[in-house]
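Quick notes on the structure that follows.
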Amino acid sequence: MAKPTTYATPICLGLTLLVLIGIVWGLIVHNALITVIFLLPAVGYEAYRTEGESTRWASWILLVLIIVELICIIFKINFDVARYFGVSDTYAMGYFIPLGDIKIIFPLVMLILSLVLFFRTIGKYTKWLAALIFLSSIATVYTIDPGFLKQLFGLMLNRGFYY
């Protein structure tokens, strides 16, 4: 059954403002925790709004990832996935993903899941929230390691998005 849309527009507008404040503030003070905290309500509302089988899974995985990301940032958990597996990148869900610290991998997976939600959902509010998650994920990665985005875009330009 479709979720009610009576208050969806003002809620999404409020969440947009909240996410934009979080992105700008996080970038200014170079603190990814701020960006992630301000994104959490949007991800929660996304999990509530989604109804399709694959989109519901994607949104709930997003919610779990953002909570784990918060834990990793708050407790300063560092784990270099690239060094652990001995590879610099991996091909997952149709995308090349450079590997690095776990605090960067989670927002990258969130970025990919936001694209899945954006392109696989019908609802305009779910698309709206997916776009907010996409922008915040980019800001989070940039705040943690600006050079990583350059590496990611270079990898995409050299190898492309798909095989």
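The values are calculated or read from the model by the stated rules, or taken from the named source; none is laboratory data. Because the structure is a prediction, the values reported are computed rather than measured. Positions of Cβ are generated from backbone atoms using ideal geometry, with glycine treated the same way; all protein chains shown enter the neighbour counts.
Some observations on this one:
- Checklist (1) touching a helix residue (DSSP H, G or I) at 6+ places or on another chain (Cβ under 9 Å); (2) at pLDDT 90 or above applied to Asp80, failing item: (2)
- Which listed residue, of Thr6, Thr50, Thr35, Thr55, is within 14 Å of Met110 (Cα to Cα) and modelled with pLDDT under 95: Thr55
- Any hit, region 136-147, residues being farther than 17 Å from Gly22 by Cα, out of contact with any helix residue (DSSP H, G or I) (no Cβ under 6 Å at 6 or more places or on another chain) and hydrophobic (A, V, I, L, M, F, W, C): no
- Qualifying positions in region 38-62 - of a type in the set (A, V, I, L, M, F, W, C), under 17 Å from Leu135 (Cα atoms) and surrounded by fewer than 18 Cβ atoms within 10 Å (Cβ to Cβ): none
- In summary, helices (runs of 4 or more DSSP H) completely within region 77-150 and bearing 2 or more residues that are closer than 21 Å to Leu63 by Cβ occur at 102-120, 124-144.
- Of all residues making up region 5-51, the number that are assigned to a loop (DSSP other than H, G, I, E, B) and touching a residue at least 40 places away in the same chain (Cβ under 8 Å): 5
- Scan region 84-96 for residues that are on the phi < 0 side of the Ramachandran plot and either loosely packed, with under 11 Cβ neighbours inside 10 Å or at pLDDT 70 or above (or both) and the total you get is 7.
- Scanning region 103-128 for residues that are within 20 Å of Cys72 (Cα to Cα), of a type outside the set (Val, Ile, Thr) and within 9 Å of the chain's Cα centre (by Cα) yields Phe106, Pro107, Leu108, Met110, Leu111, Leu113.
- Criterion applied to Asp89, Asp80 was being in contact with an Asp or Glu (Cβ under 7 Å, 6 or more places away or on another chain) and of a type outside the set (Gly, Ala, Ser), and the one residue passing it is Asp80.
Residues are listed down the side, and each one gets a yes or a no for (1) among the hydrophobic types (A, V, I, L, M, F, W, C); (2) closer than 22 Å to Tyr142 by Cβ:
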| residue | (1), (2) |
| --- | --- |
| Pro10 | no, no |
| Val19 | yes, yes |
| Ala32 | yes, yes |
| Pro41 | no, yes |
| Gly44 | no, no |
